[in-house]
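This report refers to the structure that appears directly beneath it.
The values are calculated or read from the model by the stated rules, or taken from the named source; none is laboratory data. Predicted, not measured: the structure shown is a model, and the values here were computed from it. Neighbour counts run over all protein chains shown; Cβ positions are idealised from the backbone, glycine included.
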2 protein chains.
Amino acid sequence: MKTVATLEPLTTRLLEIQRINSAASVLSWDQETYMPAGGGEARAEQIAVLQGIAHEKLVSQDVESLLSQWVDPATGQATDTAGDAWDEPSRSLLREVWRDFSRAKKLPSDFVVQLSRECSLAQQVWVEAKEKNQFTKFLPNLRTVLDLKREEARYLGYQGSPYNALLDVYEPGATIAGLQPVFAALKTRLVPLLQRITQSRVQINDGILHHSYDQTRQLEFGRLVLTAMGYDFERGRLDLSAHPFTTSFHPTDVRVTTRVHEQELQSCLFSCIHEGGHGLYDQGLDQQYFGTPLGDSVSLGIHESQSRLWENCVGRSRPFWRFFFPILQQTFRDQLHGITIEQFYGAINRVQPSLIRVEADELTYNLHIMLRFEIEQDLIEGKTQPEDLPAIWNQKMKEYLGIVPPTDAEGVLQDVHWSFGAFGYFPTYTLGNLYSIQFFEQAMRELPNLEDEIATGQLMGLRRWLEQKIHRWGRMFTPAHLAERVTGSTINPEPFLNYAEKKYGELYQL
Amino acid sequence: MKTVATLEPLTTRLLEIQRINSAASVLSWDQETYMPAGGGEARAEQIAVLQGIAHEKLVSQDVESLLSQWVDPATGQATDTAGDAWDEPSRSLLREVWRDFSRAKKLPSDFVVQLSRECSLAQQVWVEAKEKNQFTKFLPNLRTVLDLKREEARYLGYQGSPYNALLDVYEPGATIAGLQPVFAALKTRLVPLLQRITQSRVQINDGILHHSYDQTRQLEFGRLVLTAMGYDFERGRLDLSAHPFTTSFHPTDVRVTTRVHEQELQSCLFSCIHEGGHGLYDQGLDQQYFGTPLGDSVSLGIHESQSRLWENCVGRSRPFWRFFFPILQQTFRDQLHGITIEQFYGAINRVQPSLIRVEADELTYNLHIMLRFEIEQDLIEGKTQPEDLPAIWNQKMKEYLGIVPPTDAEGVLQDVHWSFGAFGYFPTYTLGNLYSIQFFEQAMRELPNLEDEIATGQLMGLRRWLEQKIHRWGRMFTPAHLAERVTGSTINPEPFLNYAEKKYGELYQL
């Protein structure tokens, strides 16, 4: 039996490439957290150089000749010689390295460097454009990035739409054809559900979340919850950034960020739990495979399932607050005096069409994604021109959510993603939402005491289950295969829709 | 006339190498400021990979063939073809690139990676050994690093002592033979001066520095002084670290750190001013030459002259405090109520033999350096064994300063330098002290209102003078040539000794 050890000359090279990529991630983390404003241009160049080198090393003759000994280029699968088969880890490792290699090979190194540089710059312009509410300021950079992404799709090749080439980067196997029925199912049941909620005689007041909450204490509480979740601060940090994110340089150094607003108690709280879910995934990857696909997360959809599972299934549940609400009350005595768990539970689960995706409730969130999914598909296919974006955005907001952003900053400029070229990224948020319910319901089946554990602040059982079932496998299985292996089913909107109808039917007495 | 533009294929490569080095510096900055404890091992590997790549790119065939068109390998100088000479910047650029290239060429890439990795690891062990006061814990790593540095000296080649090969890395042109007379002159006049001070009937009490000072306010005051000095926070940051340092990724991103202790007012204050002096140098480098030696600082000695000039000539002077003491008094009303500028001036200039170099006064500081200069020379030459270091350290402390450290943490383990292989670095601190006086006295001659400006908080005139005379030239001139160009003299202990005898003669009424 041939094992991963057989692949040593290849894995040594992969490890070096991963270290360069990790270095680039440190630079990006710094850019979002501590870098002084003036340093942006130089930073874009530094990151571009590192990404260029990592790309060159991956597509090198050296890696190619190693791979071609072991992989059949026609199928992308490991080639077995009679009587000396590969074990499963090596087989997966080769399949995934081949995937990365053959994709990368299609992109010229110059193109990779240019794309990296333009995306870093566009991101910085986007920050300013959003601040000043000037879409036209961002438009030239958006055009450049969009042209480059369409060029990328041409380099990569695709069936059907060029958008499929980009989707597959973030969610291996995802296609427009696969996603459309999922979004259609969501639309069919979520839109009526939302209407019934809006018309319900139950009106939830979330005013309690908007009192004045000391920012330092909010952060301390976030830190407490992260610790309870098993996020290891010896191998991580919590910092502030304009947009919360998680980044990993190695399982021993996985960082999360949050934001904190004095009059938005839910903002820091759920950012911490959400990013903590991402952080646990990255801290739970198998260190022995670091640098190889087996030590890497499998897809953005699965990654997001971890953050949403913790944020929604745990963090917006009654059992969780049975334990944590008294502590929160201790932390903010004046503000939360006399509030019941039930009132707090209602406030953090209030459904309300709103402008900003990251502040949306569990239900309307997916409509925000659907809108982006449709728009970016048309942008990449050339059916929509960048200059028309604000109008199209506002029209779709009206159609799906019944509200129109008063400014572009609260509309089309709200998300960073397109500025750094992440077309095809948004749908993974909805995949994450759906997977999170599939996984959590499976955990409930396999851990019969889970609810009681959560209600007593014991979150480690769930964390261990996720680590064993999902985190430690890296890219051993494809996302669809992993979901099937854990839950018996690939992506499926049913569990989410059932969960939503039950939870919100009860909350709004529908 | 051939200009730097002629060198474009070379400068493009240098720029890429510089960006990789800048990335490695970001990783080091993060290691010292924010990295979680668990991330150290992975970080050492990331930095080692980047340094290895930068090294490989510098010694590449590509760079060699470009250089060999333009530089005479026998002299290391640009080769002129009849009627088409190089201008001065190109000539300097070629001389300095050749210096870097030919040094790097002597070191195998594997060796560079190994040295980088061992130094990162040894530094982390040193932190722990110092905390626990266990020299033996650090000893194996010190041995490894020392062996590697002796190997480095053999690779580089040297005349006389292998220590000369290492000195020259930090201070081009410096040798034992050149430094010994400097230290001898210092010893001859500083030791008797110190004796007279100790026996003086004037006793200075610095108790005022050790009251309780709010740490946030200390940092705010440090920030205020940095701003007054012209340190640009749009292109920089102030953070906390165990040991204050300055690092630069580009003139648009130059970061300083400080430390702050509640009962040591001078610690944060003078760290800020000192590192601010370094920061101004790096922010003052010429951006158009970034990536080439003309956009790089010339030597550690000259770099240290900038920090010491601001720290001592400005920050420990009466005119400076005439402006800043009332502000400091406003900041700390209770603690500084009724204190005169003269009392404060005395406290921050008190001379007292002490254990820790970084806390030493202007006079004893150089004796701390002399001790390290002698010890590291013997270590590299193999005359001293690492295991004997604590005993030798304590014996020399007794001899030069009349005191013996009660623990190794306050003795031989106090400095980080040897852990990361920086043998030959310490003497540049004394060079910086001497140069700082030479430069400042020249500034006084050329800026007749300087004292008045400082006394009214206007520090920009001095900053501009330093930028014009020193910062913007990068490595255009050798350190000795630069000093001569600015002051009419190369390194010279006389001005410092005269300054010291005058200042402390007056303060201690000798």
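Do we have A:ASP110 as among the charged types (D, E, K, R) and closer than 25 Å to A:PRO140 by Cβ here?
Numbers: among the charged types (D, E, K, R): yes; closer than 25 Å to A:PRO140 by Cβ: yes.
Spelling it out, A:ASP110 is indeed among the charged types (D, E, K, R) and closer than 25 Å to A:PRO140 by Cβ.
Can we say A:ARG154 is more than 30 Å from A:GLU359 (Cβ to Cβ) and of a type outside the set (Gly, Ala, Ser)?
yes
Restricting attention to the stretch B:439-455, which residues are touching a residue at least 12 places away in the same chain (Cβ under 8 Å) and not small (Gly, Ala, Ser)?
Taking the stretch B:439-455 as the starting set, the residues that turn out to be touching a residue at least 12 places away in the same chain (Cβ under 8 Å) are B:439-443, B:446-447, B:449-452, B:454-455.
The answer is B:PHE439, B:PHE440, B:GLU441, B:GLN442, B:GLU446, B:LEU447, B:ASN449, B:LEU450, B:GLU451, B:ASP452, B:ILE454.
I need the full set of residues from the stretch A:224-235 which are within 14 Å of another protein chain (Cβ to nearest Cβ) and surrounded by 16 or more Cβ atoms within 10 Å (Cβ to Cβ), in order please. Selection gives A:LEU226, A:TYR231, A:ASP232, A:ARG235. Counting only helices (runs of 4 or more DSSP H) that sit wholly inside the stretch A:1-120, those with at least 2 residues that are more than 14 Å from chain B (Cβ to nearest Cβ) are A:8-33, A:61-70, A:88-105. Just to be sure I understand, how many residues within the stretch A:156-177 are at negative phi and surrounded by fewer than 15 Cβ atoms within 10 Å (Cβ to Cβ)? Here the count works out to 2.
Taking the conditions exactly as written (of a type outside the set (D, E, K, R) and in contact with a Ser or Thr (Cβ under 6 Å, 6 or more places away or on another chain)), does B:SER25 satisfy them or not? Don't jump to the end; show me each part of the working.
Values: of a type outside the set (D, E, K, R): yes; in contact with a Ser or Thr (Cβ under 6 Å, 6 or more places away or on another chain): yes.
The answer is yes for B:SER25.
Residues of the stretch B:76-90 that are closer than 30 Å to B:ALA153 by Cβ and either aromatic (Phe, Trp, Tyr) or touching a Lys or Arg at 6+ places or on another chain (Cβ under 9 Å) (or both): B:GLY76, B:GLN77, B:ALA78. Of all residues in the stretch A:33-43, those that are under 23 Å from the mean Cα position of the chain (by Cα) and either closer than 14 Å to B:SER22 by Cβ or buried (at least 20 other Cβ atoms within 10 Å of the Cβ) (or both) total 0. Restricting attention to the stretch A:467-485 and to residues that are of a type in the set (Lys, Arg) and more than 17 Å from A:LEU300 (Cβ to Cβ), the residue that is surrounded by the fewest Cβ atoms within 10 Å (Cβ to Cβ) turns out to be A:ARG485. Of (1) outside any helix (DSSP H, G or I); (2) farther than 30 Å from B:GLU262 by Cβ, B:LEU148 satisfies all except one. Which? Of (1) outside any helix (DSSP H, G or I); (2) farther than 30 Å from B:GLU262 by Cβ, only one is false for B:LEU148: (1).
Need pairs with beta-carbon distance below 9 Å; first residue in the same structural domain as B:GLN195 (by TED's automatic domain parsing) and within the stretch B:403-416, second among the acidic types (Asp, Glu); sequence gap 6+ or separate chains. Final answer for the pair search is B:ALA409/B:GLU131; B:GLN414/B:ASP408. Cβ-Cβ contacts under 6 Å between residues 6 or more apart (or on different chains), taken from a first residue in the stretch A:489-510 that is without any contact (Cβ under 8 Å) to a residue 24 or more places away in the chain to a second residue that is part of a helix (DSSP H, G or I), are listed as A:THR490/A:ALA480; A:THR490/A:ALA483; A:THR490/A:GLU484.
The condition of being part of a helix (DSSP H, G or I) and more than 19 Å from A:ASN366 (Cβ to Cβ) holds for only one of A:ALA483, A:ALA443, that being A:ALA443.
Residue-by-condition table, conditions (1) among the acidic types (Asp, Glu); (2) assigned to a helix (DSSP H, G or I); (3) modelled with pLDDT of 95 or more; (4) over 22 Å from A:TYR281 (Cα atoms):
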| residue | (1), (2), (3), (4) |
| --- | --- |
| A:ASN141 | no, yes, yes, yes |
| A:ALA153 | no, yes, yes, yes |
| A:TYR163 | no, yes, yes, yes |
| A:ALA174 | no, no, yes, no |
| A:GLN180 | no, yes, yes, yes |
| A:ARG201 | no, no, yes, yes |
| A:ILE208 | no, yes, yes, yes |
| A:VAL225 | no, yes, yes, no |
| A:ALA228 | no, yes, yes, no |
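Has the stretch B:461-470 got at least one residue that is in the same structural domain as B:SER297 (by TED's automatic domain parsing) and either touching a His at 6+ places or on another chain (Cβ under 6 Å) or over 21 Å from B:GLY230 (Cα atoms) (or both)? No: the stretch B:461-470 contains no residue that is in the same structural domain as B:SER297 (by TED's automatic domain parsing) and either touching a His at 6+ places or on another chain (Cβ under 6 Å) or over 21 Å from B:GLY230 (Cα atoms) (or both). I'd like to check something: does the stretch B:183-194 contain any residue that is basic (Lys, Arg), more than 24 Å from the chain's Cα centre (by Cα) and surrounded by fewer than 16 Cβ atoms within 10 Å (Cβ to Cβ)? Among the residues of the stretch B:183-194, not one is basic (Lys, Arg), more than 24 Å from the chain's Cα centre (by Cα) and surrounded by fewer than 16 Cβ atoms within 10 Å (Cβ to Cβ), which makes the answer no.
The residues of the stretch A:456-488 that are free of Cβ contacts under 8 Å to residues at least 40 places away in the same chain and either touching a strand residue (DSSP E or B) at 6+ places or on another chain (Cβ under 8 Å) or hydrophobic (A, V, I, L, M, F, W, C) (or both) amount to a single one, A:TRP465.
Being in a loop (DSSP other than H, G, I, E, B), within 13 Å of chain A (Cβ to nearest Cβ) and under 18 Å from the mean Cα position of the chain (by Cα) is the filter here, so list the residues in the stretch B:242-289 that pass it. Explain how you work it out, then say what you get.
The initial filter retains those residues of the stretch B:242-289 that are in a loop (DSSP other than H, G, I, E, B), namely B:242-245, B:251-252, B:259-264, B:284-286.
Next, from what is left, pick out any that are within 13 Å of chain A (Cβ to nearest Cβ): B:251-252, B:285.
Within the stretch B:242-289, B:PRO251, B:LEU285 meet the criteria.
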